[in-house]
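Engineer: Here it is, the structure in full.
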Amino acid sequence: MKITMTLDPSSITKAIREVKKYKKDFERKVEKLIKLLVDKGVEIARELVPVDFGDLRESIQGRVEDGKGLIYTDCPYAIYVEFGFGVVGGRDPHPKISVQYDVNHHGEKGWFYFDKKRGVWRWSKGQPSKPFMFHTAQRLEEYVPEAVKEVFG
């Protein structure tokens, strides 16, 4: 954008109007960019998340709030999928964030738990990290230049 003006009051007033118009248009485009990135992030996360029953995938949501984009899930077991758990998780941990695995010290013996969905008892030593949100962030970062071009031209 280029604004030219002279030092007379009407030229300055016109320049101020043009700057205000540019600012409003810029803010609108930034909001559009954030919404575009959130929508793409939800799409990517739903594509990358491991699916058993689909509850976790369907719980992935996005919203724009106070000029920030949020991609999230309220699924209670999402953290265990992302980071893994137990001795199995310790052998194949999250690629970026360090967490404590096998916190209950079950070790190779594992533990039993009741699978409410299937109505059966199961045994586990944990599961490896399946960092779908971490990989979503990586793919979304690669998408940013394309999104900026789409919104700002």
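The values are calculated or read from the model by the stated rules, or taken from the named source; none is laboratory data. Computed from a prediction, not measured in an experiment: that's the story for all the values here. With ideal geometry, Cβ positions are generated from the backbone for all residues, glycine too; neighbour counts draw on all protein chains shown.
Engineer: Only one residue in L48, L36 is surrounded by 16 or more Cβ atoms within 10 Å (Cβ to Cβ), more than 14 Å from M133 (Cα to Cα) and in contact with a helix residue (DSSP H, G or I) (Cβ under 6 Å, 6 or more places away or on another chain). Which one? Working first, answer last.
Structural biologist: Working: L48 fails: more than 14 Å from M133 (Cα to Cα).
The unique qualifying residue is L36.
Engineer: Further question: Can you give me the ranges of the helices (runs of 4 or more DSSP H) entirely in region 64-153 with at least 1 residues that are more than 22 Å from D39 (Cβ to Cβ), outside the structural domain of L33 (by TED's automatic domain parsing) and not polar (S, T, N, Q)?
Structural biologist: 78-83, 86-91
Yes/no matrix, rows are residues, columns are (1) touching a residue at least 24 places away in the same chain (Cβ under 8 Å); (2) closer than 18 Å to L140 by Cα:
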site: L7; (1), (2): no, no
site: A15; (1), (2): no, no
site: V19; (1), (2): no, no
site: I34; (1), (2): yes, yes
site: E43; (1), (2): no, yes
site: L48; (1), (2): yes, yes
site: E65; (1), (2): no, no
site: G84; (1), (2): yes, no
site: H94; (1), (2): yes, no
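Engineer: Just checking, how many residues over region 55-82 are among the hydrophobic types (A, V, I, L, M, F, W, C), surrounded by fewer than 16 Cβ atoms within 10 Å (Cβ to Cβ) and more than 27 Å from E31 (Cα to Cα)?
Structural biologist: Counting residues in region 55-82 that are among the hydrophobic types (A, V, I, L, M, F, W, C), surrounded by fewer than 16 Cβ atoms within 10 Å (Cβ to Cβ) and more than 27 Å from E31 (Cα to Cα) gives 1.
Engineer: Would you confirm whether or not region 96-108 contains a residue that is closer than 19 Å to V144 by Cβ, of a type outside the set (G, A, S) and surrounded by 15 or more Cβ atoms within 10 Å (Cβ to Cβ)?
Structural biologist: no
Engineer: How many residues are crowded, with 16+ Cβ neighbours inside 10 Å and without any contact (Cβ under 8 Å) to a residue 40 or more places away in the chain when one looks only at region 111-136?
Structural biologist: 1
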